[in-house]
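**Q** Structure incoming, see below.
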């Protein structure tokens, strides 16, 4: 068993930094990449880790492999190589036990080989169109879509960046790196089990935002937008009632702003030139109101296209976005992004006040009027937005002629890694270069597709993980876990490691949770004399299995607003899924690898 470990000031400082880091991330007080870099900086300046230990993560093969895989996924997305699967994904039947497996199983399969974020980004608009056509509430489909993508990522080495990070840590610890399909023992049964669960009965727990009139009424109040009364028009001088702005059906006039003063909205209040009218309602109401004489945009549109109009985009704010915690005015949105925010939608809160003075939160859905290049610039780079999608058409046409080439490159990469011909970092780097060389995407598009914040998080987390290891904090933490579970055997130890990692995942980023718990898992395995591989695998699975909150994984945050979900929806539906996955993971680890 563990001997008593004396923790020096270095370990206590590291523990304090980690606690502050977790609290800061859990409260969304700052961008995750900045929080982790700042935490690493404190440990470096204090001398807890050397510069070599602190910055080794930036040259780690896992970081390079993840960056290259972003480009490979972008190439497949840009060429539309996966559009041919639409016929397999969508059923003509509206019965859940038919259409859910038809959607979830192919999504899991694709996510096993591609980054799951672009998979969900590509399928979301198609799923929503299918729901509209067949009269199925999107809230019954989008959460299973996100969960299927997460589960598929667990099945292979390249399915999620978490697996690649843990594989890199295993290699650094002198172990054999993770095999391409080694985690399929857990990922495949978990994906099938959760698909069956949703198809048979789990879908009944999913909210129905379409047929629930109360929920629908709440939904109408979540989108806030502003309209201005134009100068010298017939509407000036009319009352709100005379201007027919009361019973609009799909929108509700909340308040009127005159200069810097808010005026209570009464039917008899007269309208003056320059008044800003704040409405809550469906986004479609904006178009209908702007068609009325005397009503114009609250803010002038950006430079218009030749036909005098601009496309409108829906953008989901990422938790890493510089917009989080700031108002549109503070962020100088128009100047930085080249677009105008027409509306803000927040599904778990009724918005009020001036549009430009509302602090933005992660998961907010912004309705943005901008030029076509807005999507090209911000859709691939997810620092600020997880997803940018046109509301109507104006989509960038895929390079369909290059789709077969992109598919061959991806399959070649998978084959080389599976056969052991190349390590994942070499094969993914070669595949990324191949995407650019064959013009599946341009160098500019490739550069924009790499999510720098994700790479910074991984690299910084590796440095913090090294501090956990060298200060003895990992050994002490492992001693606590082993001491609490020793009498119950290795199965209880696996459960304890899984739960601890999974809770950290829901509080902070999944990659950071994996890095922090990896040395603890290895120390626990060494103390009991077990093979460390199953313990490393448990950490990888638990770190990726984020189902209980929408903020633990980016695909959950992407579907939050689109599906009309609230936080409690994820708790209600995610807990059973999390328990099923944990049981499968622990059972497989104890039977197959221990």
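The values are calculated or read from the model by the stated rules, or taken from the named source; none is laboratory data. All figures in this text were calculated on a predicted structure; none of them were measured in a lab. Using ideal geometry, Cβ is built from the backbone for each residue, glycine included, and neighbour counts are taken over all protein chains shown.
**Q** From the list 448, 474, 513, which one is free of Cβ contacts under 8 Å to residues at least 60 places away in the same chain and more than 22 Å from residue 156 (Cα to Cα)? Can you show your working first?
**A** Numbers: 448 fails: free of Cβ contacts under 8 Å to residues at least 60 places away in the same chain; 513 fails: more than 22 Å from residue 156 (Cα to Cα).
Result of the check over 448, 474, 513: 474.
**Q** Here's another thing I want to ask about it. Go through segment 31-78 and give me each residue that's part of a loop (DSSP other than H, G, I, E, B) and surrounded by 17 or more Cβ atoms within 10 Å (Cβ to Cβ).
**A** Scanning segment 31-78 gives 31, 48, 49, 60.
**Q** Assess whether residue 540 counts as being surrounded by 19 or more Cβ atoms within 10 Å (Cβ to Cβ), within 28 Å of residue 386 (Cα to Cα) and in contact (Cβ under 8 Å) with a residue 40 or more places away in the chain.
**A** yes
**Q** Among the residues of segment 333-383, what is the count of those that are at pLDDT below 80, at negative phi and assigned to a loop (DSSP other than H, G, I, E, B)?
**A** Count: 15.
**Q** So, one more: Give the residue that is modelled with the lowest pLDDT, with candidates limited to residues of segment 549-594 that are outside any helix (DSSP H, G or I) and surrounded by fewer than 21 Cβ atoms within 10 Å (Cβ to Cβ).
**A** 594
**Q** Can you pull out the residues in segment 317-330 that are closer than 17 Å to residue 351 by Cβ and surrounded by 20 or more Cβ atoms within 10 Å (Cβ to Cβ)?
**A** 317, 323, 324, 328
**Q** Out of 442, 453, 449, I need the residue that is farther than 15 Å from residue 509 by Cα and touching a helix residue (DSSP H, G or I) at 6+ places or on another chain (Cβ under 6 Å). Which one?
**A** Result: 449 is the single residue among 442, 453, 449 that is farther than 15 Å from residue 509 by Cα and touching a helix residue (DSSP H, G or I) at 6+ places or on another chain (Cβ under 6 Å).
**Q** Another question about this same structure. Are there any helices (runs of 4 or more DSSP H) wholly within segment 436-540 with 2 or more residues that are at pLDDT 85 or above, and if so which?
**A** 443-449, 452-470, 490-507, 510-528
**Q** Tally the residues that are touching a residue at least 12 places away in the same chain (Cβ under 8 Å) and either in contact with a strand residue (DSSP E or B) (Cβ under 7 Å, 6 or more places away or on another chain) or over 30 Å from residue 439 (Cα atoms) (or both), restricting the search to segment 48-77.
**A** Residues meeting the conditions: 7.
**Q** Something else about it: Can you name the residue in segment 275-316 that is surrounded by fewer than 15 Cβ atoms within 10 Å (Cβ to Cβ) and under 23 Å from residue 335 (Cβ atoms) and is also modelled with the highest pLDDT among such residues? Show your work before the answer.
**A** Step one: of segment 275-316, the residues surrounded by fewer than 15 Cβ atoms within 10 Å (Cβ to Cβ) are 284, 287, 290-293, 300, 303-309.
The next check asks that each one be under 23 Å from residue 335 (Cβ atoms); those that pass are 300, 303-305, 308-309.
On the way: 300: 70, 303: 56, 304: 50, 305: 46, 308: 44, 309: 54.
The selected residue is 300.
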